[in-house]
1. Scan around Leu225 for amide H atoms under 5 Å from its own, H built in the peptide plane at 1.01 Å from N, and keep only partners 5 or more places away or cross-chain.
2. Give me the mean projected area, in nm² to one decimal, of the convex hull enclosing the Cα positions of the stretch 205-277.
3. Is the stretch 89-216 best put as rounded, prolate or oblate by its Cα gyration tensor, with a ≥ b ≥ c the root eigenvalues, rounded for a/c under 1.5, and otherwise prolate when a/b is larger than b/c, oblate when not?
4. Enumerate the amide H contacts of Ile74 below 5 Å, restricted to partners 5 or more residues apart or on another chain; note that Pro and chain-start residues carry no placed amide H.
5. Gain in length, Glu222 to His205, computed as 0.36 nm per residue apart minus the alpha-carbon separation, to one decimal in nm?
6. Residue by residue through the stretch 253-267, which ³J(HN,Hα) values in whole Hz follow from phi under the Karplus form 6.51 cos²θ - 1.76 cosθ + 1.60 (θ = phi - 60°), with glycine and proline marked x?
7. Once the piece of chain linking Ala347 and Ala297 is laid out straight, how much longer is it, given 0.36 nm per residue of separation minus the C-alpha distance between them?
8. Using only the Cα atoms of the stretch 233-345, build the gyration tensor, take square roots of its eigenvalues as a ≥ b ≥ c, and label the shape rounded, prolate or oblate: rounded if a/c is under 1.5, else prolate if a/b is larger than b/c, else oblate.
Amino acid sequence: MTEASRAPWRAKRQPTSQMWLTRRQWLAGFGASLVTIPAMKSAGVAKEPEDMRVLHARPGEIRLRGNREAPTAIWGYDGIVPGPLLRVRQGGELQVRLLNGLQQPTVIHWHGLRLPNAMDGVPHLTQMPVEPGASFDYRFAAPDAGTFWYHSHFLSSEQIERGLYGVLIVEEREPPLVDRDVVLVIDDWRLTNDGAVHPSFGNFHDAMMAGRLGQYITLNSEDLLTLAVKANERLRLRIVNAANARIFRFRIADHVPRLMAMDGQPRPPVAIAATPLRLAPGSRVDLFLDATLEPGAQASMFVDDLRGGELEIGRLVYKAGTRSRATPLPEPAPLPDNPLPARMDFAAALRLDVPLDGGGMAMMMRRRGMGGGMGGGMGGGMGGTQFSGHGLAPEQRIWAMANTASTGHDGPPLFTVPYGRTVVLTLPNRTAFPHAMHVHGHHFRVLESGDAPRPYWLDTVIVDADSAVRIAFVADNPGKWMIHCHMLEHQEAGMAAWFQVD
Ligand code: C2O
Ligand code: CU
């Protein structure tokens, strides 16, 4: 990677910013690791081998607002949103060639996959950005069965909002007893009156507050999704929150789904009666849903509207006059375990406090004595209404982790941990907003007091304002891994870091 190869992009997007390190800073910051970054492919793209799945990141159009309204111009893998549904058998190898048909660089991150570091798709940390017209081959085995998703990790707050994401299913070796798999991707879109993706990217208000919230909510990019079901069928709903920043409360009326897995990892099944599920951006749940209503019935799927009300985003429509079986199936067995670390060594754990700071109202909170210090790179410089998106100049970063505002790849690691050691992170939220903290390359457990782990694994956890969450994981995946807020405007405005597993 030379200065010259970065220059065109720099000239287009960021004529005055500090986003690109000088070569000297780059070398100083990354040292020997530079040689481990896979080189960018040249524009001459080799013929793909068998089993290679090509994903072409390119513009497209979809009818987000129903068939009577004009379509919306999007960016999507193969020009659609969600992108193509990828499936691979547990332990099997996924081979994907990303072809960049956009006007700007991009990469693919495989969210929740415990994969080799070089395949993690983090620009400048694990690979160089894939330039327009170029390609990059991702190739890795999928160790865990479950529901995952893939998305751009370059200028994410714009590229994911415009539609660069899709779902990856890793199938259990023994398929569980369900009649059908149904993927449900929830997203919110900020649209103009004409239905275009609103160009208000780099909006400083969004960055300071709750992130980019859209007024238009879709399920699988549909205005109101209709899901045809048969009485007594058992569906496996794989639900993904693909929104930039919005936490959804999701529920299905008149049914009692069973929560079987979270963030791709099986958990003890639990019946969910009335309380909506709270889904962080980036997170997934697997529900088994028994269609227990009568033939001909209907039931709505709702999310909250952030104002105390609910919005119907989908509907189960029961086929009239028929059942798939006489009675619903008996209670399901738990999904088979994935090969996660069997135990954590809390006695020898690396323990670290990672306070979350910054954002709008931080100053006010500090005056009230609630907030913490915003040291390190947190300067003033909040003037102006635009921030420059990916790679903010340090003085424009308004969120911080552990007193450092970072893009997650431009400074020293938050911590370095030897392979195999248990890590316990305490995440106190000293801001006025919830954050959806995501760890790459590892799944973690949320700890109760006395280091008692909750009975599930996550890769993304909500940390509410004025509270703290403790998470623990075994650092069993060597490399450089990001940890960041999955509210993408927060991530880009400083709430991002990386750690090193040696
Ligand atoms: Cu889903 Cu670092 O991302
Ligand atoms: Cu956040």
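1. Close amide H contacts, sequence-distant or interchain: Leu219, Gly314, Arg315.
2. Values: hull surface 26.2 nm².
So the Cα hull casts an average projection of 6.6 nm².
3. Numbers: a/c = 2.25, a/b = 1.37, b/c = 1.64.
Oblate is the answer for the stretch 89-216, as a/c is 1.5 or above yet b/c matches or exceeds a/b.
4. Gly60, Glu61, Ile62
5. That pair, Glu222 and His205, stretches by 3.3 nm at full extension.
6. 5, 6, 9, 10, x, 10, 7, 10, 8, 10, 6, x, 9, x, 9
7. Between Ala347 and Ala297, full extension yields an extra 12.5 nm.
8. Working: a/c = 2.55, a/b = 1.18, b/c = 2.15.
Taking the square roots of the gyration eigenvalues as a ≥ b ≥ c, the stretch 233-345 is oblate.
Every number in this text was worked out from the coordinates using simple rules, so none of it is lab data. Every value quoted in this text rests on a predicted model; they were computed, and no experiment measured them. Using ideal geometry, Cβ is built from the backbone for each residue, glycine included, and neighbour counts are taken over all protein chains shown.
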